[in-house]
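Notes to accompany the following structure.
The values are calculated or read from the model by the stated rules, or taken from the named source; none is laboratory data. The structure presented is a predicted model; accordingly, all values stated were derived computationally and were not measured. In this analysis, Cβ positions are derived from the backbone assuming ideal geometry, glycine residues included, and neighbour counts consider all displayed protein chains.
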Amino acid sequence: MFFERPPPGQQALLLHVRAPGISWDNEITELRELVVSADLEPRSTVVVTRARPHPRWFVGQGKAEEIRRAMNSNNDDLLIVNHDLTPAQQRNMEDLLQARVMTRTELILHIFADRARTHEGKLQVELAQFQHGRSRLVRGWTHLDRQKGGLYMRGAGESQLELDQRMIDSRIRKLKERLERVQRQRAQSRRRRSRAKIPTIVLVGYTNAGKSSLFNALTDASIAVQDRLFATLDPTMRHLSLDGYGTVVIADTVGFIRDLPIDLVEAFKATLEEVSAADLLLHVIDSAAPEQESMCAEVDRVLEEIGAGMVPKIEVLNKIDMSALREGVLGNRVHVSARLKQGLEALKEMIAQRLGVTNEPFEVCLAPSNGKIRAWLYELGAVVGETLQEDGASTLSVRLDAEQINRLVANEGVSLQEALPEPKLLALT
Ligand SMILES: Nc1nc2c(ncn2[C@@H]2O[C@H](COP(=O)(O)OP(=O)(O)OP(=O)(O)O)[C@@H](O)[C@H]2O)c(=O)[nH]1
Ligand SMILES: [Mg+2]
C-alpha cells in the first residue's frame, strides 16, 4: 500500500488542545477509543489550553519541549493530535520530536483503510488518502528515516515535487474513474428497486450506536459487531419481510463521527447517496451514552450536509438494557435493545406505518379489460389474494398505501365505483 501505517501495538501519546472554558472529557474518551480502534496503544494524554494554535508547532514551544521529554521517558512511538494541523506544523513537530505525528483525520483514515473490504470501499479510502496526502506531499514518515528513499523523502528538489504532484493528480483521476464505474452499477440496482417499488430503509447513526447489531437482529444476518469505532465500513443490504406489509430492503452503513474528515465525506459520497435516496432512515442512538445529545446533533448535521435532511426518519433508542429507558414507543421514537431483541416488533410496526402502508387489505373488482392494472398490482407485490369470476372479471385482495390508491383511482383509468366497493374505500381514506 502506498500509505504507510503505524504498525499495530505502537504506543502513542495523545494531545488535545482545548479552547478556554470548553469541557473536554468526552473528546478525550472518544480519541482514546479511536486510537484503540486503530490497534494502537494510547498511553498518557496531554491537555493544553490555548485560544488559538501556535503557527509553528500548533502548541507553544515550551509545551512542545515538554511533550518531547514525556515521549522520550515513556518510550512512545508517536504523537496523536486530536485536531488537524497544517502540513508545516505537523512537520515542525515531527522534526522536534523525531517521531511520527498523526492528526485526528489521519487516524480516522487509517482506521478506514484497515476496515475497507469491498472493491468500492477500498477505492474510496484510497481516494480519500490521496486527496488528503496531496497537500502534504513533503511529509509522511519516511522523512524521519533519512536512510530510506521513497516518494515522501525529504529534501527532494522542486522538480521532483512537481513530478510527484502530477503523479498523485493522475492517480486521483484514475481512482475517480474507477469509482464512477462501480457507482453506476450501484445506481442501476437502486433504480431497479425503485421501479419494483421496493422501499429502502437505511440505518444511520453515530459509530458504535449498535446499527449492525440491530441490522442482524432484524434480518438474522451476521455482520461483524464490535465494540470499536467504525467496525462497519461497507454498506450491506438484505431483504426484510414485514408482517402485514411485504418486502423492504434494509441497509447497514458506516457510522458517523464528530468532525468527519472532509476528504472522507468527499470520497464516500456515493455510499452516503444511498442514504439520501432512502425511503426511510432509522437513526440508531445509543441511549446509554452520556454524549447522546451531541452525537444526535452531529448525525443530523451530516444528514443535512449530504442532502438527506428531508428523508423520513425514525429514532431508534438502542441499548435500553443499559439505560433507564423501557421498551415502548414515544412519538417518533422506539426504544429497543438489539442485543436482547426487545422492542423489535414495535419497531417493525412503526416502519410499516411510516412507509405509508395500511395494514388492512381491501378488495378491488377488475373487469377482464383491466389486465394492465392487474399486472401493475402484482408487480407492486400488493396482491394478497385473487378470486376469478366466471365472466373473466376478478376480485383482488390488495394492500396499498395512500399514494398507490390515488394512482389506482386517478391515473390508471379506473373509476372509483369500479375499482373499490364503497364501504371499504371509505374505511381506508
Ligand atoms: N448492551 C447493549 N449493547 C449493545 C446493544 N446493541 C449493540 N451493542 C453493543 O454495542 C457495540 C457496537 O455495536 P455495533 O452493532 O457494532 O455498532 P455500529 O453502530 O454498527 O458501529 P460501527 O459499525 O462501528 O459504526 C457492540 O459491542 C455491541 O455488542 C444493545 O442493545 N445493548
Ligand atoms: Mg456497524
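For residue 269, the conditions (1) within 23 Å of residue 114 (Cβ to Cβ); (2) basic (Lys, Arg); (3) in contact with an Asp or Glu (Cβ under 9 Å, 6 or more places away or on another chain) are fulfilled apart from (3).
Would you be able to say whether some residue in region 201-220 is near ligand 2 (Cβ under 10 Å from one of its atoms) and closer than 27 Å to residue 382 by Cβ? Checked region 201-220: at least one residue is near ligand 2 (Cβ under 10 Å from one of its atoms) and closer than 27 Å to residue 382 by Cβ. If you go through region 311-322 and keep only what is part of a loop (DSSP other than H, G, I, E, B) and either at pLDDT 95 or above or within 16 Å of ligand 2 (Cβ to nearest atom) (or both), you end up with just 319. Scanning region 9-39 for residues that are within 24 Å of residue 127 (Cβ to Cβ) and not in a helix (DSSP H, G or I) yields a total of 2.
Out of everything in region 168-199 that is of a type in the set (A, V, I, L, M, F, W, C) and more than 27 Å from residue 305 (Cα to Cα), what residue ends up being farthest from ligand 1 (Cβ to nearest atom)? So, considering only residues that are of a type in the set (A, V, I, L, M, F, W, C) and more than 27 Å from residue 305 (Cα to Cα), the one farthest from ligand 1 (Cβ to nearest atom) is 168. The condition (being part of a helix (DSSP H, G or I) and at pLDDT below 80) is satisfied by just one residue among 129, 147, 185, 160: 160.
Can you name the number of the only condition in (1) within 24 Å of residue 207 (Cβ to Cβ); (2) outside any strand (DSSP E or B); (3) touching a helix residue (DSSP H, G or I) at 6+ places or on another chain (Cβ under 7 Å); (4) in the same structural domain as residue 111 (by TED's automatic domain parsing) that residue 5 fails? Result: residue 5 fails condition (4) only. Among the residues of region 227-245, those identified as within 16 Å of ligand 2 (Cβ to nearest atom) and either assigned to a loop (DSSP other than H, G, I, E, B) or more than 17 Å from residue 204 (Cα to Cα) (or both) are 227, 228, 229, 230, 231, 232, 233, 234, 235. Can you name every residue in region 330-347 that is among the basic types (Lys, Arg) and at pLDDT below 95? 333, the sole residue that qualifies.
Only residues that are at pLDDT 90 or above, part of a loop (DSSP other than H, G, I, E, B) and either more than 8 Å from ligand 1 (Cβ to nearest atom) or closer than 16 Å to residue 315 by Cβ (or both) were counted in region 200-226, giving 2.
Note on region 71-89: residues that are under 19 Å from residue 31 (Cα atoms), of a type outside the set (D, E, K, R) and in contact with a Ser or Thr (Cβ under 7 Å, 6 or more places away or on another chain) total 3.
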